[in-house]
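One structure is given below, encoded as structure tokens.
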Amino acid sequence: NIEGLNGKSVNVQGVALVSTASATIDVKNNLIYNLASNVSRKLSQYGTGLTGIITYNTGGSPTYNVYNNMIRLGYDRSGNELANYSTIVGIRDTTLAATSKANYYYNTIYVGGSNVAASDTLPTFGICFSTGTVPATRIVKNNLIVNARSNATTGSGHFAIATGGSANALSTFTCSNNDYVASGTGGVLGRFTSKAEASDTTAIKSYTGGDIGSRNIVPAFIAATSATPNLHLSQSSIQNGDINYAVDIA
């Protein structure tokens, strides 16, 4: 829950992983929420706006293991919905070195907020990968990724998963057994190379190279939109019974 220097902040990141060594780094069991920036920033700018976890490397061959984290964005420092704000990304991966690895397991991401002003509908992403022509090896499994952010008017801009860069970059990109949801006005499940949009899991699979076992089921959280969120699944909701499809990971 970050305010920034002297109450002002531009590029706000909950956890930033910058490795220059060939090390294995685990990021686990964090609750990241209510990040807020005072300045609107676009994804193409160095400042990405609001990012829960960002991974990248400036040298070496790091291995990032990012797992069991809960991230809730789209709300200000007091837990109020952000209606006009900058680009929001739950997890952003910009690990571009071919010898690097990044593994994302069992993370829960919720991007919310409603009545987003039409003039400020910058894209938002549950999880976003910047894929170069020689990308890192990435594995994305058993994640709940919900982008429920909702525009005041129609128009796309809120994605559960996205990749960018070269079309052949997805050769080292493995996704499976995730739950993708984009339930708000302007929500689309995926956006991929050349900004091609995927409206259902079948379309996502054509871009991610399979995505075996992934679903599109709206989960029932205990309190996703509370000032202090609880992103554990509600044990009393029958709809969560259909989400029991994760695979074992050693």
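The values are calculated or read from the model by the stated rules, or taken from the named source; none is laboratory data. In this text, all values refer to a predicted model and were calculated from it rather than measured experimentally. Neighbour counts are summed over all protein chains in view; Cβ atoms, including those assigned to glycine, are modelled from backbone coordinates with ideal geometry. What goes into the accessible areas is simple: the full protein's heavy atoms, side chains included, and nothing from ligands, DNA or RNA. Shrake-Rupley method; radii C 1.70, N 1.55, O 1.52, S 1.80 Å.
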Check your understanding: Any idea which residue in region 181-202 is nearest to Leu144 (Cα to Cα), counting only those that are crowded, with 17+ Cβ neighbours inside 10 Å and small (Gly, Ala, Ser)?
Key -> Ala182
Point to revise | Among (1) closer than 18 Å to Ile109 by Cβ; (2) under 18 Å from the mean Cα position of the chain (by Cα), the one test that Asp200 misses | key: (1)
**Study point:** Output for region 41-54, where each listed residue is among the β-branched types (Val, Ile, Thr) and either at pLDDT 90 or above or touching an Asp or Glu at 6+ places or on another chain (Cβ under 9 Å) (or both)
**Key:** Thr51, Ile53, Ile54
Exercise for review: Looking only at region 132-156, count how many residues are modelled with pLDDT under 85 and polar (S, T, N, Q).
Suggested key: 4
**Study point:** Considering residues of region 220-236 that are in contact with a Phe, Trp or Tyr (Cβ under 9 Å, 6 or more places away or on another chain) and either within 19 Å of Asn178 (Cα to Cα) or modelled with pLDDT under 90 (or both) only, the residue surrounded by the fewest Cβ atoms within 10 Å (Cβ to Cβ)
**Key:** His232
Revision key, fill the gap. For region 12-26, the count of residues that are surrounded by fewer than 18 Cβ atoms within 10 Å (Cβ to Cβ) and either assigned to a loop (DSSP other than H, G, I, E, B) or at pLDDT 90 or above (or both) equals 9
Check your understanding: How many residues does region 55-93 hold that are at pLDDT 95 or above and hydroxyl-bearing (Ser, Thr, Tyr)?
Key -> 1
Review point. Taking into account only those residues within region 71-108 that are over 20 Å from Ser37 (Cα atoms) and of a type in the set (A, V, I, L, M), which is least open to solvent (accessible area, probe 1.4 Å)?
Key: Ala102
**Study point:** Yes/no for Asn80 being closer than 15 Å to Ala16 by Cα and not β-branched (Val, Ile, Thr)
**Key:** no
**Study point:** Candidate set from region 27-40 (those that are in a loop (DSSP other than H, G, I, E, B) and hydroxyl-bearing (Ser, Thr, Tyr)); member that is modelled with the lowest pLDDT
**Key:** Ser40
Review point. What pairs come up if the first residue lies in region 202-218 and is modelled with pLDDT of 85 or more, the second is β-branched (Val, Ile, Thr), and their beta carbons are under 6 Å apart, counting only those six or more places apart or on different chains?
Key: Ser214/Thr201; Asn216/Thr201; Ile217/Ile243; Val218/Val181
Study note, to complete from the structure: Picking from Phe129, Phe159, the residue that is open to solvent by less than 40 Å² (accessible area, probe 1.4 Å), modelled with pLDDT of 75 or more and farther than 16 Å from Gly184 by Cβ would be Phe129
Study note, to complete from the structure: Filtering region 50-70 for residues that are surrounded by fewer than 20 Cβ atoms within 10 Å (Cβ to Cβ) and among the aromatic types (Phe, Trp, Tyr) leaves a count of 1
Exercise for review: Residues that are in contact with a helix residue (DSSP H, G or I) (Cβ under 9 Å, 6 or more places away or on another chain): find the strands (runs of 3 or more DSSP E) completely inside region 137-232 holding 3 or more of those.
Suggested key: 137-141, 158-165, 173-176, 187-192, 196-198
Review point. How many residues are assigned to a loop (DSSP other than H, G, I, E, B) and either free of Cβ contacts under 8 Å to residues at least 24 places away in the same chain or aliphatic (A, V, I, L, M) (or both) if we restrict to region 81-117?
Key: 6
